[in-house]
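Reading through the structure tokens given below for one structure.
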Amino acid sequence: MAKGILGIIACPMLDDNLVYSLSNDPEEKTVAVVDNPYNTSIRRKLEEKGVAYETIAWDDFVSGMYTPDRDRFNVVIVMINLGLHAVPEKLKGLVEDMTRDISPHVDAFGFYLGTCGNYEWNLPAWCKENGLKPATTFFDGEGHLCHDCVGVAISGGPRYLELQHKYMGHLYIFPAMATNFDEFMEADSAGSSMPMESLTDDMREALGIEPGRDGYLRWLLGLGGYEYILRLDTGLGDKEQFDRDIQRVADRTHLKIKQAEDGWATIQPTIDMYDRCKALLS
């Protein structure tokens, strides 16, 4: 039985994973979501799964004014901007600052996010080195970090390299990626060496870029040699919505959809992650 306050810092690309665990955990719990511009998706998904929650102000949380009963199991969720994946140094700085602010007010941390380019960034080890509350994040079965959301979907680490070798020229799409596709790709293109906004009409014509944002996206994917979308169905989220969203992405990118072979997509890192989170409060 868990008791205390579990602080969750999460990216919207992994909110399906968190909602899955919260909705399938029969233990009684109090869930709070910090009010900010990035919590729309998780609030909707919690409501769809019937998980009761309250919203709290960030200032109330970090000032200690929010005081749930520590003899019960409490989860406080802070969502971050998924666009930060395109600026790894900013992501790292924000999450570390946020963790320092929250640490006095929680008993443990669960980081539902990837390292996104910060390949040596082991947040549980960092928390321990800095005298902060114990923490966990996504690892594969052999203890390797899952560096990003695709890695979580396939039980990352070395397996990610296997996927890249088997499915070259593929855009990997799992449910949350399909749902958040625009925001994800806009952050990537804004961080590229040639952002769309910097191109004049003459430059676009010379480069063979079709009008509009989708034309620019298709051009970028063409530069990378992409031909297919690889559908990674983890079973998380809404399957019918996933089907609609991934078809929409295919229509816009002009890529063909291919289903990943059985055995690639998995929710095991999600199950293991939540079990470790609760173990920190046992």
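The values are calculated or read from the model by the stated rules, or taken from the named source; none is laboratory data. Computed from a predicted model, the values in this text were never measured in an experiment. Here Cβ is always computed from backbone atoms with ideal geometry, including for glycine, and neighbour counts include all displayed protein chains.
Within segment 1-116, which strands (runs of 3 or more DSSP E) (wholly inside it) include 3 or more residues that are in contact (Cβ under 8 Å) with a residue 24 or more places away in the chain, buried (at least 20 other Cβ atoms within 10 Å of the Cβ) and not aliphatic (A, V, I, L, M)? Working first, answer last.
Working: elements: 4-10, 30-34, 54-56, 73-79, 108-112.
Once the strands (runs of 3 or more DSSP E) in segment 1-116 are filtered for at least 3 residues that are in contact (Cβ under 8 Å) with a residue 24 or more places away in the chain, buried (at least 20 other Cβ atoms within 10 Å of the Cβ) and not aliphatic (A, V, I, L, M), what remains is 108-112.
Tell me which helices (runs of 4 or more DSSP H) are completely within segment 142-185 and hold 2 or more residues being over 19 Å from I229 (Cβ atoms) and of a type outside the set (D, E, K, R), or say none if there are none.
Details: elements: 149-154, 158-166, 175-179.
Ranges flagged: 158-166.
For A135, the requirement of being among the small types (G, A, S), modelled with pLDDT of 90 or more, touching a strand residue (DSSP E or B) at 6+ places or on another chain (Cβ under 8 Å) and within 25 Å of L280 (Cα to Cα) is met.
When K128 is tested against (1) out of contact with any helix residue (DSSP H, G or I) (no Cβ under 6 Å at 6 or more places or on another chain); (2) part of a loop (DSSP other than H, G, I, E, B); (3) assigned by TED's automatic domain parsing to the domain that holds I271, only condition (2) is not met.
Picking from residues in segment 226-259 that are in contact (Cβ under 8 Å) with a residue 40 or more places away in the chain, assigned to a loop (DSSP other than H, G, I, E, B) and under 20 Å from the mean Cα position of the chain (by Cα), the one that is nearest to H170 (Cα to Cα) is L232.
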